[in-house]
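Colleague: Pasting in a structure now, in structure tokens, and then I'll have a few things to ask.
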Amino acid sequence: MRIFLTLLVPIVLLSGCWDKRELTDIAFVAAIGVDKAEDGGFIGTFQIINPGNVAGGLQGGSGQDSSTVTVYEIYGDNLTEVSRQAASEISRVLFYSHANLVVIGEELAKEKGIASFLDALDRDDRFRDTARVVIAKDTSANNLLKVSSPIDKIPANKITKTLEFSEQQWGEQWPVNIRELLNALSADGREAIIPSFKYFGSVEEGERMENLQSTAPETVLKADSIAVFKKDKLIGYLHGEEAMGMAWIMSNIHETTIGIDWEEEKKPISFQVISEKTKVKVAMKNGKPTVFINIVARGELGEVNIPVNIEDYHVRKEIAEKAMRRIKEIVQSTITKSKEYQTDIFGIGEKLYQNDPDSWKKLKEDWNEEHYPELEAVVKVDVSISRTGLRKNPFTYEK
């Protein structure tokens, strides 16, 4: 009997879960948007998944009768209050474990800064610090999160997947998560960067069901540029090749394409980068900081639309040299732009601190405004062509 009671007591005490919640009491948050309110508070936007509509639409097509997400707009003096105030409008407990995206309104990022609310996300153990962060360019986070996406049923997934594929295939944008952002904001000698998204069309059309069901949506979401910060405030953007130049410096190019001019032809040759490695070193030279950037890229010919003999070593060498000069131009233009913004987004000051803390101590006070704009950058690029694709000479070439 004593043995029976010994076994029974733990079963009674441990059975069940004291903090369990039924699925019908939970609202799964896919994305959070944060905007600046007119009185200085915050407007929080919650993109909440409608599970039944998602399950019904995952097999392809856009024929569902209602949206896969619902968007709620909540006001509060701070982000914690916004989350609590949601209880007055949303009939379920917010569940953040599936939230993989934070969208920041451009006005908030420019005027108030992002440090004012990131602390709340960092402290909340319900929220993942691996969630991706984007800036809503030329609009509010609320507007961006209202736009539906025909292929990706959950709009938040459209944004995160676009960033991932852009990083893998092109290189002008790449994901940044909350932890990486917090590390940049707290680092000494490095400023933050965040990818930006914008919508093309109108919000009104974008949130209609017709936008999901159309073969040519009226409103679409697109990755746009890289937002550049100074301290915690947005001060500008890197567009196109300027953004790609930053990816080269950060050794963040997985694959991309470099267009090569040839004689009078504009980019008839396409050099496809398939691997690259960048080393960045900083040293004091004649009393001034100098950054040495060494890039090694390997690739193949993706397109040759002129009659040239690719089997000729000298032709391939010239193509490689042209690609080398083009990459160097892209990198230099990015460095020049960051100097204009007077913000060290590459973390060169951080590297100087690691290599020469005494020199950094003397320069850190006026680093962004005085010393960084005068920084000398020595860029070296080495390019090799490993393959020519499935054919050697183009079909227009005649021996």
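Colleague: Per residue, what accessible area does the chain have, given a 1.4 Å probe and all protein chains present, in Å²?
Modeller: 52 Å²
Colleague: Here is a follow-up. Show log10 I(q)/I(0) for segment 31-170 at q = 0.10, 0.13 Å⁻¹, two decimals, from a solvent-free Debye sum over equal Cα scatterers.
Modeller: Values, matching the q order: -0.34, -0.57.
Colleague: Per q in 0.23, 0.26, 0.31 1/Å, what log10 I(q)/I(0) does a Debye calculation on the alpha-carbon atoms of segment 73-128 return?
Modeller: -1.11, -1.31, -1.39
Colleague: Which of these values of Cα Rg over 2.2 N^0.38 Å was calculated from the structure shown: [x] 1.21; [y] 1.04; [z] 1.09?
Modeller: Working out Cα Rg over 2.2 N^0.38 Å from the coordinates points to [x].
Colleague: Also: Only Cα pairs under 8 Å and at least 6 apart count here; give the relative contact order of the chain as a rounded whole percent.
Modeller: 13 percent
Colleague: Continuing with the same structure: Just how far, in whole angstrom, is segment 302-318 from segment 217-240 if you go by their alpha carbon centroids?
Modeller: 37 Å
Colleague: Taking 22 Å as R0, compute the FRET efficiency from the Cβ-Cβ separation of SER384 and GLU265 and round it to 0.05.
Modeller: 0.40
Colleague: In addition: Would you be so kind as to identify all helices of the chain, as entire DSSP H runs, whose Cα atoms reach 20 Å or more along the helix's own axis and whose mean Kyte-Doolittle hydropathy is at least -1.0?
Modeller: Going by DSSP H runs, the hits are 313-341.
Colleague: Using Cα pairs closer than 8 Å and at least 6 residues apart in sequence, work out the relative contact order for segment 334-395, in percent.
Modeller: 32 percent
Colleague: Would you calculate a helix-derived [θ] at 222 nm for the chain, using -39,500 (n - 2.57) for each DSSP H run of n ≥ 4 and dividing by the full residue count, to the nearest 500?
Modeller: Taken over the chain, the calculation gives -9500 deg cm²/dmol.
Colleague: If R0 is 56 Å, what FRET efficiency do you get for ASP358 and THR215 from their C-beta distance, rounded to 0.05?
Modeller: Using R0 = 56 Å, I get an efficiency of 0.30.
Colleague: For segment 262-345, report the % of Cα-Cα distances exceeding 15 Å.
Modeller: Value for segment 262-345 (Cα pairs over 15 Å): 69 percent.
Colleague: What's the FRET efficiency of PHE165 with SER88 using the Cβ-Cβ distance as r and R₀ = 45 Å, to the nearest 0.05?
Modeller: Efficiency, rounded to the nearest 0.05: 0.70.
Colleague: Right, something else. Accessible area of the chain with a 1.4 Å probe: how many percent of it is carbon plus sulfur?
Modeller: 48 percent
The values are calculated or read from the model by the stated rules, or taken from the named source; none is laboratory data. A quick note: this is a predicted structure, and the numbers were derived from the prediction, not measured. Every residue, glycine as well, gets a Cβ built from its backbone with ideal geometry; the counts of neighbours run over all protein chains shown. Please note that ligands, DNA and RNA were not included when accessible areas were found on the heavy atoms of the full protein model with its side chains. Shrake-Rupley method; radii C 1.70, N 1.55, O 1.52, S 1.80 Å.
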